[in-house]
Structure formats: C-alpha cells, structure tokens
Amino acid sequence: MTSVTWIAITIVVVVVAAWRARHRRDRQRQLMLLCTRASLEFSTFDPFSDTTWLPFRLFGRGTSRGTENVVWNDHDGDDARAFDYWLEERTGEDRMPVIRRFSCAIVALPFACRRLDVAPHGVADEVRELVGGERLDLELESFNRRFDVRADDRRFAVAFLDQRMMRATMTLPPRISILVNEDRMLLISSLLPAGEVLLLLEAARAMRRHVPQVVASLYPPRPTKGPHEDRWLQGRWSPEPIGDDV
Amino acid sequence: MGIWIVLGVLVLVAIGAVVSYNRFISQKNLVKDAWANIDTELRRRYDLIPNLVETVRGYATHEKEVFENVTKARAMATSATGSPAAQAAAEGPLIAALRELLAVAEAYPDLKANQNFLALQAELSNTEDRLQTARRFYNANVRDFNRRVKQFPSVLIASMFGFKEEEFFEVEETIREGGPPQVNFSQPGPSVSFEGERGSESSVTPSDPTQTPPPDRPDD
C-alpha cells in the first residue's frame, strides 16, 4: 500500500476516534444536565464499591472492565442506581480487543433470589446470565413469544413472574433484559441515549414494585448477621440452629 | 459398510429413546413434587380455618349456618384424596364458605379490629398467594409434560411405556372478593416507554426526563 493510502487510513481512524470521544463527552454532558434537572446525583466515575461484586457473571467477564456515568437518588434512601458498564474482551483468532458497552440499572430485593434470566428473544449470550438449558414457558403466550426465560429454580421463576409481573415486563422496550440473582435485580441493555438512562432507572424501580409479595414468603432474605451467617457463606444455610446455637 | 450405518442409526435411536424415557420420568417426578407443594399449602389453609371460625364465632354467635357450612366444606376438602380435578372440585365449596364467613366478619367492626382475627386474615391471604404460586407451578409442569406426551416423537415413548396426560389443578374461585387482583396498565403508573423505539409494545408515555420526576406512585 502506498504512503498516501496509509495516511488516508490514519486520518480516518483519528477522525472516527475523535468523533466517538466527542460523542461520549456529549452524552455524558447531556446525562449530567438531565440528572441536575431531575434532582438526581451523577458521577462520571463509580463511587460505589460493590459494583464489581454484583452477583452477575457479566461483571466478572473480560480482560478489563469499568463503570462510569453513575446515576442515583440520594434523597429518599433509595438504593437503585443506573450506570454505564464497559468490558474489554479479546475474541477471534487475532485476539483483537473489543469493547462492549451496556446501560445497567440495579435495585436491591428483599429476598434470597435464585438465578433468573428474562431476555427478549435474540439477545446476545454475553448479556445472558444462564446460557443453554431448558427454557420455561409460562401462562401468557404473548410473554413466551417475546421473552426467553431460564432459571436455576423453576419454582422461583414461576413465583417471581406472576401475571402482573409478566405484563409489567412486556411494557419494557424490546432490548432490555432482566437478570435476578441473590438479592439483586439488574436491568441491562446495549448502551442507551442519555435520556433513556433515567427511564431505565425508573423502570428498575417500577419492576421492583411489581415483584409479587409471595416471593418474600417463599424465599426469605438471607440473614445479614448472626449465627447463621457463616453457614450461609459456606453454602449450607438453614434456618435451624445447630451446635452451639441450640 | 451398510450394516455399520444401520447399527449406528439403531444405536442413536436407542439412545434417543432412553433419553426421552428418562426425561419423562424426571418430568413426572416434577409434577408429583409440584402436587406435594399444593397439598402442603392446602393443609396450611385447612389448619387456619378452625381458629378463624372460633374467632368469628366469639363475635357472631348466631351465624350458626355459616360456621356449619365452613366446617362441613373443610371436612369434605380434607377428605378429598382423588385426582387434582376432584380436589379442585372439593375446594370450590370451601372457598365459597370461607368467603361467606369473611363477609359475615365485615359486619362486626370489633371483630375486624381484633388482633387475632387480623393475624389470621393476613396468614390466610399469605397462604392464598402461596397456593396460587404452587398451583401455577404445578400447572406449568403438567403443561410441559402433556406437551411431550402428545408431541412426536416422544409420543411413541409415551404410548410404549404408558405415560398419560396429567390433570391440571384449576380452581374457579378465590377467597378474595372479586377474584384475583386485576391489573390495569392503561392508567398512569410506573410503566415506562422509550421515545423513538420502533415496535415497542409499551403503551404509557413516561414523564419527560428533562422535567423533575414525580414522586413514587403507589402500587397498582
């Protein structure tokens, strides 16, 4: 290739990189502005220490990863937050690095949930928590046509996805997936425009309100402290006291 | 060469048949376990009824017919040990009797304020939720099992080994007045939509994100 061609390629690469950097800055600025108007807190970096410890396999993938543009509400004690998550993977024969970006919203649930994965048909495996295995069909055919439900515990999936929850899920846009594990629910999508990030946060809060109350009865929250804590961490939690606890 | 191909095909068919049979067994066990869950919740409901009757009787001593109906219906439901359809049929009169009992309780404000009654009512409501979940889980497993019994090629294994369709557990009525809770998403609520999204099934336009968001709305 001639030097002119190389120069042209270099110019194109630089222009594209500059355009993408500018686009990210504009999006960040717009998000900051929207958060100010909506009285939400915003940070370009992640002030929460537990993001990489969230119980979803997405947060452990890739050769490097990061969280940015975090949105949350500090005023009413709400623990919901939305953020951009990126991860770098080396794929293909040439192991070229690929950066994937997602918009996420996370809320806490007062239950000890089993792993559940509700994703629209056609969503890439990288977003899925459970890949393969049997899918679960529920009573609403329109829901089954649109979503692919996989779960470690079918009973939990049936309890979690009652008709009200299914109808609420169907009001979400096509590309949003819902992942549930332990005491967290994650709404995840490919990177969204700034305005839609706030809607994703509100959608996560709304979905939490729709979770059936019976789930708390069937899957009570894990004990946070006390004599059962060690047993929980060792994977053999039981409400019955043993040994010195009796 | 031809014989090896035939043998290979026969081995594959045999493996497929074994896998299909084992899957039928697993599904049948799932159905049985799911039915055991329903039975557990039904027993919980039956165990609550005597306390509930006694609490209401303390305030409405003259409603003898109502108490007798509940007691008789409970006895019939407890003794029903047949198929899921028969059990569901036995639950109908019990549910109707319980609704009548709760309707009687509505006429006594002192009873409605009684802590024991309130606790029993809450426990009954919780039991109804758990029973509904157990019923949905059971029916989901029956649906999957019945689908395999009827679909080809698993229908061949089913007929060969006598796997038949299971019965659903469908109860017409619920204890709550007006039946199961109704959800209306046409009213303003917490559901959201994304502007410019093509083919979106969402129907409610959210608040403009550039405006200050409204306070959290109560649940539907």
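Looking at segment A:123-213, the helices (runs of 4 or more DSSP H) lying wholly inside it that each contain 3 or more residues that are at the interface with another protein chain (Cβ under 7 Å from one of its Cβ atoms) sit at A:154-160, A:163-170, A:194-210.
Within segment B:171-189, not a single residue is within 14 Å of chain A (Cβ to nearest Cβ), in a loop (DSSP other than H, G, I, E, B) and at pLDDT 90 or above.
Within segment B:3-13, not a single residue is open to solvent by less than 80 Å² (accessible area, probe 1.4 Å), closer than 19 Å to residue B:93 by Cα and not charged (D, E, K, R).
With respect to the stated conditions, residue A:119 is closer than 23 Å to residue A:86 by Cα, assigned to a strand (DSSP E or B) and out of contact with any helix residue (DSSP H, G or I) (no Cβ under 9 Å at 6 or more places or on another chain). Checking each residue in segment B:76-93 for being open to solvent by less than 40 Å² (accessible area, probe 1.4 Å) and either part of a loop (DSSP other than H, G, I, E, B) or touching a residue at least 40 places away in the same chain (Cβ under 8 Å) (or both) picks out B:80, B:84, B:87, B:88, B:91, B:92. In segment A:179-197, the condition of being among the basic types (Lys, Arg) and either modelled with pLDDT of 90 or more or crowded, with 17+ Cβ neighbours inside 10 Å (or both) is met by at least one residue. Would segment B:68-75 turn up any residue that is within 27 Å of residue A:215 (Cα to Cα), crowded, with 17+ Cβ neighbours inside 10 Å and touching an Asp or Glu at 6+ places or on another chain (Cβ under 9 Å)? No, segment B:68-75 has no match at all. Taking (1) open to solvent by less than 40 Å² (accessible area, probe 1.4 Å); (2) touching a helix residue (DSSP H, G or I) at 6+ places or on another chain (Cβ under 9 Å) in turn, residue A:155 satisfies each apart from (1). Contact map, segment B:6-30: residues that are in contact (Cβ under 8 Å) with a residue 24 or more places away in the chain and more than 14 Å from chain A (Cβ to nearest Cβ) paired with residues that are open to solvent by 80 Å² or more (accessible area, probe 1.4 Å) and not hydroxyl-bearing (Ser, Thr, Tyr), Cβ distance under 7 Å, separation 6+ or inter-chain. Pairs shown: B:21/B:161.
Please specify each residue of segment B:64-100 satisfying the condition of being within 22 Å of residue B:115 (Cα to Cα) and touching a Lys or Arg at 6+ places or on another chain (Cβ under 8 Å). Hit for segment B:64-100 is B:67, nothing else.
When residue A:129 is tested against the conditions (1) crowded, with 18+ Cβ neighbours inside 10 Å; (2) among the acidic types (Asp, Glu); (3) modelled with pLDDT of 90 or more, the lone failure is (3). Is it the case that segment B:100-116 has a residue that's closer than 15 Å to residue B:128 by Cβ and either touching a residue at least 24 places away in the same chain (Cβ under 8 Å) or of a type in the set (A, V, I, L, M, F, W, C) (or both)? Checked against the condition, which is being closer than 15 Å to residue B:128 by Cβ and either touching a residue at least 24 places away in the same chain (Cβ under 8 Å) or of a type in the set (A, V, I, L, M, F, W, C) (or both), segment B:100-116 yields at least one hit. With respect to residue B:21, is the statement that it is open to solvent by 70 Å² or more (accessible area, probe 1.4 Å), of a type in the set (Phe, Trp, Tyr) and in contact with a helix residue (DSSP H, G or I) (Cβ under 6 Å, 6 or more places away or on another chain) true? It is true that residue B:21 is open to solvent by 70 Å² or more (accessible area, probe 1.4 Å), of a type in the set (Phe, Trp, Tyr) and in contact with a helix residue (DSSP H, G or I) (Cβ under 6 Å, 6 or more places away or on another chain).
When segment B:33-67 is filtered for residues that are loosely packed, with under 15 Cβ neighbours inside 10 Å, among the charged types (D, E, K, R) and modelled with pLDDT of 90 or more, the ones remaining, listed by number, are B:33, B:39, B:43, B:47. Restricting attention to segment A:36-84, the residues that are touching a residue at least 60 places away in the same chain (Cβ under 8 Å) and over 19 Å from residue A:205 (Cα atoms) add up to 3.
The values are calculated or read from the model by the stated rules, or taken from the named source; none is laboratory data. This one's a predicted model, so the numbers in the text were calculated from it and none came from an experiment. Methodologically, a virtual Cβ is constructed for each residue, glycine included, from the backbone with ideal geometry; neighbour enumeration extends over all protein chains shown. Heavy atoms of the whole protein, side chains included, go into the accessibility calculation; ligands, DNA and RNA do not. Shrake-Rupley method; radii C 1.70, N 1.55, O 1.52, S 1.80 Å.
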